[in-house]
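Written out below as structure tokens is the structure these notes cover.
The values are calculated or read from the model by the stated rules, or taken from the named source; none is laboratory data. The shown structure was predicted, so the numbers you read here are calculated from the model rather than taken from an experiment. Because the Cβ atoms are built from the backbone with ideal geometry, glycine has one as well, and the counts that use them run over all protein chains shown. Remember, those area values only see protein heavy atoms, side chains included, never the ligands or the DNA or RNA. Shrake-Rupley method; radii C 1.70, N 1.55, O 1.52, S 1.80 Å.
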Amino acid sequence: MLSTKTIELLSPAKNLECGIEAINHGADAVYIGSPRFGARAAAGNSVSDIEALVNYAHLYNAKIYVALNTILKDEELSEAEKLIHQIYNAGADALIIQDMGILELDLPPIALHASTQTDNRTPEKVKFLEEVGFSQIVLARELSLKQIEAISKQTTAKLEVFVHGALCVSYSGQCYASEAFCGRSANRGECAQYCRLPYTLQDATGKNIITEKHLLSLKDLNRSVNLEQLINAGVSSFKIEGRLKDVDYVKNITAFYRQKLDAILSEKGNNYKAASSGKCIYTFTPNPEKSFSRGFTDYFLNGQKQNLTSPDTPKSMGEFIGIVKRSERNCFAISGKKELHNGDGLCYVDKNGKFTGFRVNKVEDRKIFPFEHSNVAAGISIYRNFDKEFDKCLSAKSSERKIDLNITLSENPVGFTLSACGEDNNRASLMIPINKEKANKPQNENNVNQLGKLGNTIFNARNISIDFTQNWFIPSSILVDYRRKLIEKLMSVRKINYRREIRRKVKNIAIYPSTQLTYLGNVSNAKAEQFYQKHGVSTIALAYELSPQEDEVLMFTKYCIKYSLGWCPKESNKKENPYHEPFYLIHNNVKMKLIFDCKNCETLLKKG
């Protein structure tokens, strides 16, 4: 008999409010930054807030993962160790880490997840991480479905894959541009986002190929149409990027993927189920185009492709509205059928490639009157990156999550029994020791009505059964009192029955896939060095942050500018490349040389 596989929707939280709303809108798990040492330095949270989020999430059997995924210096290890114990005592379900030195500390038995910063691209690397104690592993965003499936066949660890949100152009954990140019390490949570800058692409002779475009700024990830393929490939956790995003983004995108996954799980039957309890009722229609996006791509999931970047702006473009038909002195008319509202935010890229945004003052018969005059030419595509009415819906209560209950009121020799069973088989029952009296009027409807009033609790009475042999009378006040007591007892049962995953024990010393580690291993403390030595690595270089070298590669990316321009030498229909290599990317005092590794289908960027 096949066991049921749980499928997890994992949402981001920059703070407690976002975390609670992620749960309310259908997340099976939430990842949130620790007070220190998270890969988003601006998204740290107090231990008390983490504990509050844990207590709320666990009511729904949802999990809380805490990100402590930067590399650490020797002098920070003691503080990190104490912090991990505090996080464990707060009830967190798992710790997301990058630094292997953490495994050499005195840790509580908290489950460990390998961050995407550990650069998880091969079956060998993933198998090693499983063997040293990681129960869940975040795979590199660049992997194809075939690569994910190949990894899945070699491991029993849960595989986590990003399905939505911002994309880094470099492999995660392998980008050193920010550290090299301004001393802010991406591996220390302080990335300055050099990939979002406008660059001029220049050839070896100094000739400009492309001028002032955001050539490394990728579109945002959207794999909503690929979810079933990913499940079939072995993925069990679907991750939404966004620990710096606001609460409206979390609400909308979580709800969107919850609905998508629920539809798939319903079709797949009993072999798959959601990883937590409860169902959501939304007051809005989720739509990812109405939240921050630079346009969408499924990246390399189904192979190499063009048009991966958003070259005109790293800002949100939003949803396409229509094309300008004519422009007048203080307004313009557009095609399209989408309804616009006063206060909407619209944007466009003009014929000179300049990104411009404005607010709508009023709309009359597809004529748009901006707050300030905006010279929008005919033929320009208009996008909406702020929908006032949609924002209004999300600013209020926009979801209610309830756990279905079957409630039974039955008789027993000394009175009555009131019992409830949830969709996840948590049960509670109470005796109502009162004398049985026959009622003069039918009582069934009143009993059902009183027992179904679950109000602001997390429960919904899906089924109420009255199992009487006679038309017994129970005062409404007694029914209401015992209904309240039953719900309180069921809440206690849920808390008692909740079980955290314990970190898997390691029996044997696993051997790392390589005997050498360059600066790409991100070894920044003695404990990490000790870890790798113990696992068979004989030569270990220091992390780039501790020993920067001028000639080191600063970015490793699967995205290829030559491919995007149609100049890939592997393609049979390639265009002629009229320029001289090497190429350079230039922005003010930043100059990076492009090295095209066609054999491995990667681009390497060095200081120019």
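Going Cα to Cα from Lys207, which aspartates and glutamates come in below 12 Å? Please leave out same-chain ones fewer than 8 positions away.
Qualifying aspartates and glutamates at Cα under 12 Å: Glu581.
Please compute the alpha carbon radius of gyration of segment 359-474, then divide it by the globular-protein estimate 2.2 N^0.38 Å. Two decimals is fine. It would help to have the intermediate numbers written out before the result.
On the way: Rg = 27.8 Å, N = 116, 2.2 N^0.38 = 13.4 Å.
After normalising by residue count via 2.2 N^0.38 Å, the value is 2.07.
Along the Cα→Cβ direction, 7 angstrom out, place labels at Arg462 and Val506. What is the inter-label distance in nm?
Inter-label distance under the simple model: 4.2 nm.
Using a 10 Å Cβ count of at most 12 others and DSSP loop calls, identify the longest part of the chain lacking such GluC sites (Glu not before Pro). Before the final figure, lay out each step's value.
Numbers: sites that count: Glu328, Glu339, Glu372, Glu437, Glu550, Glu571, Glu576.
With GluC sites (Glu not before Pro) excluded where exposed in loops, the chain gives 1-327 as its longest stretch.
State, as an integer percentage, the relative contact order of segment 271-364 based on alpha-carbon contacts under 8 Å between residues 6 or more apart. Each step should come with its number before you reach the end.
Details: 88 pairs, mean separation 17.4, N = 94.
Reported as a whole number, the value is 18 percent.
Quickly estimate the mean residue ellipticity at 222 nm for the chain, helices only: each DSSP H run with n ≥ 4 gives -39500 (n - 2.57), and the total goes over all residues, rounded to 500. The partial results should precede the final answer.
Numbers: 13 runs with 137 residues, N = 608.
Estimated from H runs of four or more residues: -6500 deg cm²/dmol.
Which percent of Cα pairs goes in each bin when the distances of segment 118-158 are cut into 10 angstrom slices starting at zero?
Distribution as computed: 33, 61, 6 percent.
For Asn412 and Asn307, compute 0.36 nm times the residue count separating them, minus their Cα-Cα distance, and round to one decimal in nm.
Details: separation 105, 0.36 × 105 = 37.80 nm, distance 7.01 nm.
Stretched fully, the Asn412-Asn307 segment lengthens by 30.8 nm.
Given the pairs Lys337/Lys402; Lys279/Lys397; Lys127/Lys534; Lys574/Lys599; Lys273/Lys392, which span a C-alpha to C-alpha distance of over 25 angstrom in this model? Show your work: numbers first, answer last.
Values: Lys337/Lys402 36 Å; Lys279/Lys397 16 Å; Lys127/Lys534 17 Å; Lys574/Lys599 17 Å; Lys273/Lys392 33 Å.
Over 25 Å apart, Cα to Cα: Lys337/Lys402; Lys273/Lys392.
Report the gain in length on full extension from Ile496 to Glu75: 0.36 nm times residue separation, minus Cα-Cα distance, nm rounded to one decimal. Intermediate results must be reported in sequence, preceding the final value.
Numbers: separation 421, 0.36 × 421 = 151.56 nm, distance 3.87 nm.
Contour length minus the Cα-Cα distance gives 147.7 nm.
Within segment 1-95, how many lysine pairs that are 8 or more places apart, or on different chains, have C-alpha atoms less than 25 Å apart?
Working: Lys5/Lys63; Lys14/Lys63; Lys14/Lys73; Lys14/Lys82; Lys63/Lys82; Lys73/Lys82.
Step by step, the pairs that qualify in segment 1-95 add up to 6.
Label points 7 Å out from Cα along the Cβ direction at Arg326 and Glu488: separation in nm?
7.2
Between segment 175-193 and segment 44-119, how many Å separate their Cα centres?
Going from one Cα centre to the other spans 23 Å.
Scanning the chain for helices, which whole DSSP H stretches are 20 Å or more long along the axis (Cα) and average -0.5 or more by Kyte-Doolittle? Intermediate results must be reported in sequence, preceding the final value.
Numbers: long enough: 247-268 (31 Å, -0.29); 476-497 (31 Å, -0.19).
Taking the DSSP H segments of the chain (at least 20 Å long, mean hydropathy at least -0.5), we get 247-268, 476-497.
Once label points are set 7 Å from the Cα along Cα→Cβ at both Lys273 and Glu364, what is their separation, rounded to one decimal in nm?
6.0
Can you give the charge dipole size of the chain about its Cα centre, rounded to the nearest 20 debye, using +1 on the beta carbon of Lys and Arg and -1 on the beta carbon of Asp and Glu?
On the way: 81 positive and 68 negative charges, 233 e Å.
Dipole size: approximately 1120 debye.
For segment 120-245, what does the equivalent ellipsoid look like in terms of its semi-axes, each the square root of 5 times an eigenvalue of the Cα gyration tensor, given largest first in whole Å? Walk me through the intermediate numbers first.
On the way: eigenvalues 200, 60, 42 Å².
Semi-axes (√(5λ), whole Å): 32, 17, 14.
Collect residues whose amide H, placed 1.01 Å from N in the peptide plane, falls under 5 Å from the amide H of Asp404; neighbours closer than 5 in sequence don't count.
Close amide H contacts, sequence-distant or interchain: Gly278, Lys279, Glu423, Asn460.
How large a share of the accessible area of the chain, in percent, is made up of carbon and sulfur atoms when the probe is 1.4 Å and the other protein chains stay in place? Don't skip to the end; give the middle numbers.
Numbers: 12690 of 27240 Å².
Looking at the chain in its full context, I get 47 percent from C and S.
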